[in-house]
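Working notes for the structure below.
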Amino acid sequence: MLHITQRKMNPFKPTAGGEPPLLIGRERVVRDFDKGLDNGVGAPGRIMLITGARGTGKTVMLTVLGDKARAHKWDVIEETASDGLCERLVSELCSKDSLIDKLTFAPSITIAGASVSLGEAELSPKRMPETLRKAMSARLDALEKRDAGLMISIDETQAASRADLIAIATAIQHQIREKRNVSIVFAGLPQMISDLFDDEVITFLRRAHTNVLANVPIDEVKESFAQTFEDSGMSLDTSLVEKAAVATAGYPYMIQLVGYYIWDAADARESTVISKEDVDEGIREARVDLDNAVCVPELHGLSKNDKAYLEAMAVSDGPSGTSEVAKRMGRSAKYAATYRKRLLDAYVIRQTDRGEVDFAVPFLREYLRGHMQKG
């Protein structure tokens, strides 16, 4: 009799926003949010700001928190900041069967099965705070009939306009004053987020419970790799676990890539025992993918002088003094400062101390070094 062994799926998910097998180093964020929903109106976890460099898992975290809210039987609206953000939020706050004119609401619309009068509220920047507030209130009225709440998540918040953030802050603040069951989670890049939230009109958002997603400690990566490979039916020697974990530098996206390609290399041999060659191949493939998915796009569109500034930084193993960068470029400090500001604004680099900068994008230093050696 023929026995067919069912092949297990690769447990690692390196695609953008893909939920990883373990939220290593992120458990506290999930716990704080969950407690916020349990503890009622005013609990810190209900208004949350998630920041971190690209690839640190901000979008994944929004997905996980949305699932937590759904488990509490809350409605969840998930958006990404771009032009028309508030118009889309207003539309989504209404039932799927509702039709909203681009410019005005009809005097009465249907929200979550209930007929609600909003009047002639124009979808314009001037009227948007009032329009969004009324739409949100109406949705919450309907949700409260079944003891449910509303969670809104906004990704890439750095791309949001000032007018949209003012409207959102106004609407949310109103609901909290009225003791409504509402939660909002913003995710975005640190520097751009701080620039937006420094606006005095949006001071309310400064009280958000802030979580910075940093790189994961290597010991936690090792534990995660060991457990995940074992759970998926693969055996991996302790020394190889160490090698794989160190190669990730604790960067969440790289953790998924390294794990994925190591697992795939062993699976291609139809083996459940991961070899040194599998680990070496997995790390090589992960670096190629990381370069193509993170480093190359990051450099695309930068000027020649922007890249020259980065290459001057790449000479250092850690943070670089800005005066030293200018000297390596063969330029004056004032000249180099123009490109420093451009790169800071784009969050390609970050300020680590007064007069010092470092790469905000993990592995970009290594990529540039390899490119410089070839060039």
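The values are calculated or read from the model by the stated rules, or taken from the named source; none is laboratory data. This structure is a prediction, so every number in the text was calculated from the model and none was measured. All Cβ positions, glycine included, derive from the backbone under ideal geometry; neighbour counts span all protein chains shown. All accessible areas refer to the heavy atoms of the entire protein, side chains included, with ligands and DNA or RNA removed. Shrake-Rupley method; radii C 1.70, N 1.55, O 1.52, S 1.80 Å.
General remarks:
- Boolean, Ile255 is surrounded by 22 or more Cβ atoms within 10 Å (Cβ to Cβ) and either closer than 23 Å to Arg26 by Cα or not aliphatic (A, V, I, L, M) (or both): yes
- One residue stands out among those in segment 282-295 that are in contact (Cβ under 8 Å) with a residue 40 or more places away in the chain and charged (D, E, K, R): the one that is surrounded by the most Cβ atoms within 10 Å (Cβ to Cβ), which is Arg287.
- All of (1) of a type in the set (Gly, Ala, Ser); (2) under 30 Å from Ile184 (Cα atoms); (3) over 18 Å from the mean Cα position of the chain (by Cα) hold for Ala208 with one exception: (3).
A quick yes/no check of all residues on (1) farther than 17 Å from Arg54 by Cβ; (2) among the aliphatic types (A, V, I, L, M); (3) free of Cβ contacts under 8 Å to residues at least 40 places away in the same chain; (4) surrounded by 16 or more Cβ atoms within 10 Å (Cβ to Cβ):
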site: Pro297; (1), (2), (3), (4): no, no, yes, no
site: Gly301; (1), (2), (3), (4): no, no, yes, no
site: Ala312; (1), (2), (3), (4): yes, yes, yes, yes
site: Gly318; (1), (2), (3), (4): yes, no, no, no
site: Ser323; (1), (2), (3), (4): yes, no, yes, no
site: Ala326; (1), (2), (3), (4): yes, yes, yes, yes
site: Glu356; (1), (2), (3), (4): yes, no, yes, yes
site: Phe363; (1), (2), (3), (4): no, no, no, yes
site: Arg369; (1), (2), (3), (4): yes, no, no, no
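- All positions within segment 271-281 that are open to solvent by less than 50 Å² (accessible area, probe 1.4 Å) and either more than 10 Å from Leu240 (Cβ to Cβ) or not in a helix (DSSP H, G or I) (or both): Ser271, Ile274, Ser275
- Every listed requirement among (1) on the phi > 0 side of the Ramachandran plot; (2) at pLDDT 90 or above; (3) not aliphatic (A, V, I, L, M) is met by Gly55 save one, (2).
- Selection count, segment 54-71, where residues are within 24 Å of Asp38 (Cβ to Cβ), open to solvent by 60 Å² or more (accessible area, probe 1.4 Å) and either in contact (Cβ under 8 Å) with a residue 12 or more places away in the chain or of a type in the set (D, E, K, R) (or both): 3
- Residues satisfying the stated conditions in segment 132-164, i.e. touching a Leu at 6+ places or on another chain (Cβ under 6 Å), modelled with pLDDT of 90 or more, in a helix (DSSP H, G or I) and of a type outside the set (A, V, I, L, M): Lys134, Arg139, Asp164
- Meets criteria (on the phi > 0 side of the Ramachandran plot, over 26 Å from the mean Cα position of the chain (by Cα) and at pLDDT 95 or above) for Gly355: no
- Residue under evaluation Arg350, criteria (1) in a helix (DSSP H, G or I); (2) open to solvent by 70 Å² or more (accessible area, probe 1.4 Å), criterion not met: (1)
- Condition check for Tyr335: assigned to a helix (DSSP H, G or I) and of a type in the set (Phe, Trp, Tyr): yes
- Filter pass, Glu178 being charged (D, E, K, R) and farther than 19 Å from Thr56 by Cα: yes
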